[in-house]
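Take a look at the structure set out below.
The values are calculated or read from the model by the stated rules, or taken from the named source; none is laboratory data. Note that this is a predicted model, so its numbers are computed, not measured. Cβ sites come from the backbone with ideal geometry, for glycine too, and all protein chains shown count toward neighbours. Just the protein is used for accessible areas: all its heavy atoms, side chains included, with ligands, DNA and RNA removed. Shrake-Rupley method; radii C 1.70, N 1.55, O 1.52, S 1.80 Å.
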Amino acid sequence: MADVRVTYDKTANAAYVYLTDPQAHVKSAHMYPCDPVDVDGMINLDFDEHGRLIGIEVLAASSKLPEYLLRSAERLDPGRA
């Protein structure tokens, strides 16, 4: 199974799951916000210019993602605790 890069900012409680090669610099061409009522939060799907899903932004990440995933994520917040 391929490794997936995940970043997490504990201060903002936001995570990003990258679905592209970490060496690639793919830019988002379209963002699709999931209905916050349906998912009980805010989740945004990013697509490239070819319509491929390239990443998932998760706000209120601590209530949406497994704790082990957030613990192992690359930390972006200044505290990193």
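Size descriptors for the range 37-81: radius of gyration and Dmax over Cα atoms are 12.9, 38 Å.
A simple packing score, the average count of other Cβ atoms within 10 Å per residue, orders the peptides 47-59, 28-40, 6-18 as 6-18, 47-59, 28-40, with the highest score first.
How big is Rg to Rh over the chain, alpha-carbon atoms, Rh as the Kirkwood inverse-mean-distance radius? If you can, show how the numbers build up before the last one.
Values: Rg = 12.9 Å, Rh = 13.3 Å.
When Rh is taken as the Kirkwood radius, the ratio is 0.97.
For the chain, a crude dipole built from +1 on the beta carbon of Lys and Arg and -1 on the beta carbon of Asp and Glu, taken about the Cα centre, is about 300 debye to the nearest 20.
With a 1.4 Å probe and all protein chains kept in place, how do 64, 27 rank by accessible area, largest first? The partial results should precede the final answer.
Numbers: 64 65, 27 160 Å².
Ranked from most to least accessible, the order is 27, 64.
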